[in-house]
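Read-outs: derived from the displayed coordinates by stated rules, not from any lab. This is a predicted model, so every value here is computed, not measured. Using ideal geometry, Cβ is built from the backbone for each residue, glycine included, and neighbour counts are taken over all protein chains shown.
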Amino acid sequence: MQPFTLPEFYVPYPARLSPHLEQAREHSREWARAMEMIDVPQHGIAIWTEADLDAHDYALLCAYTHPDATADRLNLITDWYVWVFYFDDHFLELYKRSHDLAGARAYLDRLPAFMPVEGDITEEPSNPVERGLADLWTRTVPARSADWRARFAVSTRNLLDESLWELENINAARLSNPIEYVEMRRKVGGAPWSANLVEHAADAEVPARVAATRPLQVLRDTFSDAVHLRNDLFSYEREVTEEGELSNGVLVVERFLDIDTQAAADTVNDLLTSRLHQFEHTAATELPAVLDEHAIDPAGRLAALAYVKGLQDWQSGGHEWHLRSSRYMNRETTPDEVAGLGLAVGFGGTGSLVPAAGLPGIPGIPSLGTSAIRVIPSLLATAPRRLRSFANVPFRVVGPTPLPEFYLPYTSGQSPHLDHSREEAVRWARSVGLLDRVPGIWDEHKLRAADFALCSAGIHPDATAEELDLTTGWLTWGTYADDYYPAIFGASRNLAAAKLTNERLRSFMPVDGPLTELPVSALERGLADLWERTTRGMEPAAQASFRRAVDVMLDSWLWELANQFHNRIPDPIDYLEMRRATFGSDLTMSLCRLARGNSVPAEIFRTRPLRALENSAADFACLLNDLYSYQKEIQFEGEIHNAVLVVENFLGCDRDRAVEVVNGLMTARIRQFEHVVDRELPDLFDRLDLDGEARAAIGSYARELQNWLAGVLRWHQGTHRYEEAELRYHPSADRRPFGSPTGLGTSAADVHRLAAR
């Protein structure tokens, strides 16, 4: 008996089947045999028999997921999938079952030699995985650009190397938390790798200028999450009950929310649906804008659209394959669904965001098989969830939020310069114009009530007076700007003015050179002053790194405005990932990283343990802020960017349950922070053979993050910013320079003129 009934999936695009299926089946069978993947023992174990390969039917997967690929490309793509699934099973049998971590590392360390971004392969393959990778790499990369090769090499290394994360969790009997799981599943599961192969199958590379932009990253990530969550639902029985696997989304949700398996499966499916809705929203609203902003030519636009359509094809085709493959839990599908494959054959599809007509090789004729028949029920079943995300009622009276007990095992000292920094913050804010006549944003009362120096004094208890003033200045400026954007640009619905403001602000962060613009607004004067004081004497590379952190925060405010204009409550995963940016986490952590000097190579901060350390700390702080600011944002500002509201919307629960879930996520992230410090950092030190100076510097950085967490908590407990009495206080009416309290109709020039007063 299956552990749960498969839910009603959201599959909005009919699957289509390539006419080259049988040729791909025969070719992949011969290729696997040539690579010694079938019926050849590895360390005494035959990983696959020919019957296993035939039953899994990876050619069917590829024929469904790449229906428009040429015969030769379909053969190559199918070989890639045979290889990646063989790797997964090979790694399971040789290293996961035996818990051989040392052997696994040695095995994985050899694989990059068989996928050089430049040059030839010089190593001799010694097993089917190495042999297959060398063959596939040689057959694939000559046809692709250097940019694509670099991206494909990274995604391939990720899915190979991060298998160690799964093995380490198995050895420690450790179940990951939901946020950690989604982040790691993208790498281990390999869907970003699949997205790269979509480009190759369609012979349509995403233009390099936009490949790293938010819309393309979100399309890739939502595609990946949907693929992996679907696979988790189908593979739960095989992975959890048969293999003892811990990396399965259903199991993670089941344990985290303390619900039964069926409820967990339904929740995972809801998240899968939400990710697909996010994919569609991004493709329809964000992708066209970024193509315009980067002046992508018609050929590049067609390539980007073909890529989007290829990702859609993959989603629908992957679902059809899961219903048919013997590898997964699918015994409760209907007889019609598992009948002849001809029922699902079609050359064209309906429901795509990208029109079939006009793209090469896509006739645009609708399929009438079972795949198409499932589309309408799928759309109807998920319509209420989609509509609920746009149905927020702003300015609801919610009252003060009952706060839970927080788990944070760290404390921090307090700088002796606190009182001085409090006064200096007011003096500095007035000197740059943050307390001038801007539409009801701040006055001195608001600034003193916020008490940003209290936060700085806990985050940096050992700072000099000058350093504490600088940190307080960044907190003051960043929070002022975070209040300014929705009050000015949100009220006027003027995204163009917000973008212009961002571009102006970037000009006050020169790298290795003097200012070339004269600041004319309070925001510009504040940033110019902070930038000069912070980067004085800093190397150009460090300046560039720090500027990227500020850029991330600036761009995240545009994302908030766009959601506000649509009255769209964000998707949970998109919200959590963007919240780090809107909170300024990268900015404040960059200041800590820069303090480490040259004793820690920059690439160390890009390793998984360091990123996990930073992300888990950032998530705790961001979610903490959302709990304290819930009444301020929901009742007094009509905001939608709050984790409590996001959880309420996603789970369909009340505020108290949402608060409980958010606090559970905070606790889970701190537990992960502790795990990284206690287990993963020492292992990283040994694996990279770091010297004593580097080890001490990273240890000091971890302690600074602990101070950061403790300081952020202390500030929330001590600030008046979120108290109801303070929320009801407004700067005097004469501070509003417009005829209406909202400033409707203001232009970008108006905003800059008024802010400059």
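Backbone phi angles across the range 254-259, fed through the Karplus curve with coefficients 6.51, -1.76 and 1.60 (θ = phi - 60°), yield HN-Hα couplings of 4, 6, 5, 8, 6, 10 Hz in residue order; Gly and Pro are listed as x.
Residues His420, His319, ranked from the fewest to the most other C-beta atoms within 10 Å, line up as His420, His319. For His228, neighbours were defined as the other residues whose beta-carbon sits under 14 Å from its Cβ, and their charges (Lys and Arg +1, Asp and Glu -1) total -4. If Lys and Arg each add +1 and Asp and Glu each add -1, what is the summed charge of the other residues whose beta carbon sits under 14 Å from the beta carbon of Glu239? Summing Lys/Arg as +1 and Asp/Glu as -1 gives -3. Once you divide the Cα radius of gyration of the range 21-383 by 2.2 N^0.38 Å, the number left is 0.96.
Each peptide in 661-672, 678-689 gets a packing score, the mean of other Cβ atoms within 10 Å over its residues, and the list from highest to lowest is 661-672, 678-689.
In order along the range 49-66, phi translates into HN-Hα couplings of 9, 4, 5, 4, 4, 5, 5, 5, 6, 5, 5, 5, 4, 6, 5, 7, 7, 10 Hz, rounded to whole numbers, per the Karplus curve 6.51 cos²θ - 1.76 cosθ + 1.60 with θ = phi - 60° and x for Gly and Pro. So how far, in whole Å, is the C-alpha centre of the range 1-72 from the one of the range 466-521? Computed from Cα coordinates, the inter-centre distance equals 52 Å. Peptides 518-528, 282-292 ordered by packing proxy, namely the average of other Cβ atoms within 10 Å per residue, highest first: 518-528, 282-292. Electrostatic tally near Thr719: other residues with Cβ closer than 10 Å to its Cβ, Lys and Arg +1, Asp and Glu -1, net -1. Per-residue Karplus couplings for the range 635-640, computed as 6.51 cos²θ - 1.76 cosθ + 1.60 with θ equal to phi - 60°, are listed in order as 7, 9, 10, x, 6, 10 Hz, Gly and Pro entered as x.
Remark: Cys653, Cys455, Cys62 ranked as Cys653, Cys455, Cys62, counting other beta-carbon atoms within 10 Å and listing the fewest first. Taking a straight Cα-Cα cut-off under 23 Å and skipping sequence neighbours fewer than 8 places away in the same chain, the lysines within cross-link reach of Lys96 are Lys187. Could you state, as a whole-number percent, how many of the C-alpha pairs of the range 235-319 are farther apart than 19 Å? Looking at the range 235-319, the distances longer than 19 Å represent 56 percent of pairs.
When the Cα centres of the range 599-633 and the range 652-725 are compared, how far apart do they sit, in Å? The distance from the Cα centre of the range 599-633 to that of the range 652-725 comes to 7 Å.
Report, ordered by chain and residue number, the aspartates and glutamates lying within cross-link reach of Lys632, taken as a straight Cα distance under 14 Å and ignoring same-chain residues fewer than 8 apart. Within reach: Asp482, Asp483, Glu723, Glu724, Glu726. Only DSSP H runs of four or more residues enter the estimate; each adds -39500 (n - 2.57), and after division by the residues of the chain the mean residue ellipticity at 222 nm equals -19500 deg cm²/dmol.
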